[in-house]
2 protein chains.
Amino acid sequence: MPTPAPKPPSRADCTCGTRSAAAEPAVDRPGGTLLEDAADLFRVLGDTTRTRILWAIADEGRCVCDIADRLAMTPSAISHQLRILKQARIVRHRKVGRSVFYTLDDDHIRTLLRDAMEHAAEMAPPARPGGRRRIRT
Amino acid sequence: MPTPAPKPPSRADCTCGTRSAAAEPAVDRPGGTLLEDAADLFRVLGDTTRTRILWAIADEGRCVCDIADRLAMTPSAISHQLRILKQARIVRHRKVGRSVFYTLDDDHIRTLLRDAMEHAAEMAPPARPGGRRRIRT
DNA sequence: TGTAAATATGAATATATGCTCATATATTCA
DNA sequence: TGAATATATGAGCATATATTCATATTTACA
């Protein structure tokens, strides 16, 4: 959901003495867009089907029907998701005959996936006594 | 012949010779849930408001109204998002008088944010000649 | 104690999104 | 060339989700 209406509640609204004083030039430091780009990347990665696709092609390139088989989903559904991953430049593709092979674009993605799983693994024991816990957003 | 069966795409459907042979035990290796947990984490991070909140509290803890001021959004909207971040155990909170201070829970998040921005930064020049490009999912 | 401030939360709503279905395109091979 | 295969894509639908609004809760302070 793209950032909606920038409601302008004035700074003066908050009178709590605990508020940090220095009014920074902008909300986010590195130019704004960089942080938003990061959020976009996370959003693309934030879907189970897409992470499963990425995991499936993490070791070696695979064609669409191969991925579809492995995930037990229709090639159409996979293709739709691959389009999103392509647009985000997360995967690359090369055509071989009738097939199209997809691979990870670079190592950043592998690193992000690994780090996120690491975080999840460390989080798991204390946080999820009853197993997987779907976080509602 | 009426129509091809509903659609449980069996492995045999794909006859392309390019498909990888070895039928791996499962779609994803590390137990399945770990990969899904990673996707969940990404999903929570994949929202501009939430990344802006995280960035705002990356250096030091801030109260809700402070964050709201900085993002120029209502405390209610911020509070809703903080709840999601809390449930995902991405932020911690401590109460001080009427205010509630939020901080990042651990360094993993900082690392993920930094890596994602790094990826975005490297991606940027060739991929986005016209500036920020919203990726439709 | 009573009022105001800071935060939290439930309901409602507009929008976004993932999948299915139908169909188009591209490529191989008989 | 024509049939079959692999992939891509647009429309439609059911669901998810981010914000607003109203209201509840907690705490400080006069």
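Coordinate-derived values only; no laboratory data. Being a predicted model, the structure only gives us computed values, none of them experimental. For neighbour counting, all protein chains shown are included, and Cβ atoms are generated from backbone atoms with ideal geometry for every residue, glycine included.
Structure above, values below:
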| item | result |
| --- | --- |
| B:Lys95-A:Cys16 pseudo-label distance in nm [points 7 Å out on the Cα-to-Cβ vector] | 1.2 nm |
| Amide H contacts of B:Val91 (H built 1.01 Å from N, under 5 Å, at least 5 apart or other chain) | B:Lys86, B:Asp105 |
| Those aspartates and glutamates that a straight Cα-Cα span of less than 14 Å connects to A:Lys86, excepting residues fewer than 8 apart in one chain | A:Asp40, A:Asp105, A:Asp106 |
| 7 Å along Cα→Cβ, label-point gaps from A:Arg94 to other copies, nm, shortest first | 5.4 |
| Check: segment A:33-108 dipole with +1 on Lys, Arg Cβ and -1 on Asp, Glu Cβ, in debye | 400 debye |
| Label 7 Å beyond Cα on the Cβ vector: B:Ala77 copy-to-copy distances, nm | 3.4 |
| Given charges at Cβ of Lys, Arg, Asp, Glu: segment B:32-127 dipole, positive-most of B:Ser76, B:Thr48, B:Leu34 | B:Ser76 |
| Nitroxide proxy distance, nm - points 7 Å out along Cα→Cβ at B:Lys86 and A:Asp59 | 4.3 nm |
| Placed amide H near B:Cys63: partners under 5 Å, 5+ positions off or other chain | A:Ser20, B:Tyr102 |
| Label 7 Å beyond Cα on the Cβ vector: A:Ala121 copy-to-copy distances, nm | 2.8 |
